[in-house]
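A short worksheet on the structure shown next.
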Amino acid sequence: MLTQTDPLKFIRNKILNDAQLKATAIINKAKEDYEKELKEFEENIKRKYEVLIENAKSEANQIVERKIAETKVYVNRIILEKKEELIEKAFAKALDILKTIIKTDKYKEFLEYLIYSTAKYMGGGELIVYVNKDNAIENQMLERIAQKITKELDVKTTIKLGKEHVHAVGGIVMKNKDGDIEVNNTIETLLERAKNAIRSEVAKVLFTS
Amino acid sequence: MSIEILREIKRFEEEARKIVEDAEKQAEELLKKIEVDKRKIEEDVKIKANQQITKIKEAAIAKADEESKRIISENEKTLKELIEKTERNVNNAAEIIVKAIIGETD
């Protein structure tokens, strides 16, 4: 029996060892595949999320840049509004100065020139000039201007003082006889026109040290 | 060989087949486990990435607010200087306006 058992034991060991080797190989291969696949998967997934992180960084930069741009627009608007306010202040101050000039002789000269230039602009004819209740205009002055216009334009011109008063700090409103042509040259209107015409010059004086 | 020996060998072979089958089962289990582990890895990576993304965005918002405050603060200084400087020039500007209106008589 002993002589028969030993070869049998050998055969058993051989069969089981082979099986064990095969089993180990199967498990090792599976482990290897498992680790390889998991590693590849992890690398891929990390790459995928790295892209998302990079996108987030880029988005973050955009958030900062956008906010800076918005703030700059906002502060520029504030500065522009302030500048507008200061320009308006200069015009308000100019009106104050004009109110004081109205009481001087210089204003009378100005008014005479204003009536003359307005009448000439209207092409002469029968004209009516309106002033505010505080401005007295001598008829002699109106006649003098009318004669000058008649001569210069070769159009018979008369200028009469209107009975109604204009509601303005100073200056005039002139109409033709029919009342269909009217030129408003009150101080307020002249100031408004000046706002457009000399705004940049005023801004230059204001904002240049 | 006797039948008994052949039977023994067949038993050994059966035992060997079981060993291999067990190994195959283990391998199969491992492959099944891989899907679970993948989900776990993805979940971990996703959580970490989202945390990072949240931090990046929070930092960006904080930086943007800080920059915005800095610009506004600088602007307030600029505005103050502008007003101080300009106040001195208002009279000159007003004179120019008056000249533009009354000056036509000159």
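Restricting attention to the range A:92-136, the residues that are closer than 11 Å to A:Val169 by Cα and acidic (Asp, Glu) add up to 2. Candidates A:Leu52, A:Leu38, A:Leu98: the one that is at the interface with chain B (Cβ under 7 Å from one of its Cβ atoms), in a helix (DSSP H, G or I) and open to solvent by 40 Å² or more (accessible area, probe 1.4 Å) is A:Leu52.
One residue alone among B:Ile41, B:Ile53 is closer than 30 Å to A:Lys72 by Cα and within 7 Å of another protein chain (Cβ to nearest Cβ), and that residue is B:Ile53. With respect to B:Glu66, determine if the residue is modelled with pLDDT under 95, surrounded by fewer than 17 Cβ atoms within 10 Å (Cβ to Cβ) and acidic (Asp, Glu). It is false that B:Glu66 is modelled with pLDDT under 95, surrounded by fewer than 17 Cβ atoms within 10 Å (Cβ to Cβ) and acidic (Asp, Glu). The set of residues in the range A:62-76 that are within 8 Å of chain B (Cβ to nearest Cβ), open to solvent by 90 Å² or more (accessible area, probe 1.4 Å) and under 15 Å from B:Ala59 (Cα atoms) contains only A:Arg66.
Within the range A:82-92, does at least one residue satisfy the condition of being at the interface with another protein chain (Cβ under 7 Å from one of its Cβ atoms), farther than 30 Å from B:Asn91 by Cα and open to solvent by 80 Å² or more (accessible area, probe 1.4 Å)? No, the range A:82-92 has no match at all.
Residue-wise test of (1) out of contact with any Ser or Thr (no Cβ under 6 Å at 6 or more places or on another chain); (2) of a type outside the set (S, T, N, Q); (3) outside the structural domain of A:Ala92 (by TED's automatic domain parsing); (4) without any contact (Cβ under 8 Å) to a residue 60 or more places away in the chain.
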{"residue": "A:Phe110", "(1), (2), (3), (4)": "no, yes, yes, yes"}
{"residue": "A:Tyr113", "(1), (2), (3), (4)": "no, yes, yes, yes"}
{"residue": "A:Lys120", "(1), (2), (3), (4)": "yes, yes, yes, yes"}
{"residue": "A:Glu126", "(1), (2), (3), (4)": "no, yes, yes, yes"}
{"residue": "A:Val129", "(1), (2), (3), (4)": "yes, yes, yes, yes"}
{"residue": "A:Asn135", "(1), (2), (3), (4)": "yes, no, yes, yes"}
{"residue": "A:Val173", "(1), (2), (3), (4)": "yes, yes, yes, yes"}
{"residue": "A:Leu190", "(1), (2), (3), (4)": "yes, yes, yes, yes"}
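A quick yes/no check of all residues on (1) outside any loop (DSSP other than H, G, I, E, B); (2) surrounded by fewer than 16 Cβ atoms within 10 Å (Cβ to Cβ):
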position: A:Tyr113; (1), (2): yes, yes
position: A:Tyr116; (1), (2): yes, no
position: A:Asn132; (1), (2): no, no
position: A:Leu142; (1), (2): yes, no
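Rundown of residues vs (1) more than 8 Å from every other protein chain (Cβ to nearest Cβ); (2) among the charged types (D, E, K, R); (3) in contact with a Cys (Cβ under 9 Å, 6 or more places away or on another chain), yes/no style:
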| position | (1), (2), (3) |
| --- | --- |
| B:Asp22 | no, yes, no |
| B:Glu29 | yes, yes, no |
| B:Ile34 | no, no, no |
| B:Lys57 | no, yes, no |
| B:Lys77 | yes, yes, no |
| B:Leu82 | no, no, no |
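When B:Ile3 is tested against (1) aliphatic (A, V, I, L, M); (2) open to solvent by less than 100 Å² (accessible area, probe 1.4 Å); (3) more than 7 Å from chain A (Cβ to nearest Cβ), exactly one condition is not met: (2).
Exactly one residue among A:Arg193, A:Arg199 is of a type in the set (Lys, Arg) and within 24 Å of A:Asp134 (Cβ to Cβ), and that residue is A:Arg193. Considering B:Thr86, B:Thr78, B:Thr54, the condition of being within 30 Å of A:Ser200 (Cβ to Cβ) and surrounded by fewer than 17 Cβ atoms within 10 Å (Cβ to Cβ) is satisfied by B:Thr78 alone. Entry remark, the range A:159-189: residues being under 19 Å from B:Glu95 (Cα atoms) and touching a strand residue (DSSP E or B) at 6+ places or on another chain (Cβ under 6 Å) number 3 in total.
The values are calculated or read from the model by the stated rules, or taken from the named source; none is laboratory data. As the structure is a prediction and not an experimental result, all values here were calculated from the model. Neighbour counts run over all protein chains shown; Cβ positions are idealised from the backbone, glycine included. Surface accessibility is based on the protein's heavy atoms, side chains included, excluding ligands, DNA and RNA. Shrake-Rupley method; radii C 1.70, N 1.55, O 1.52, S 1.80 Å.
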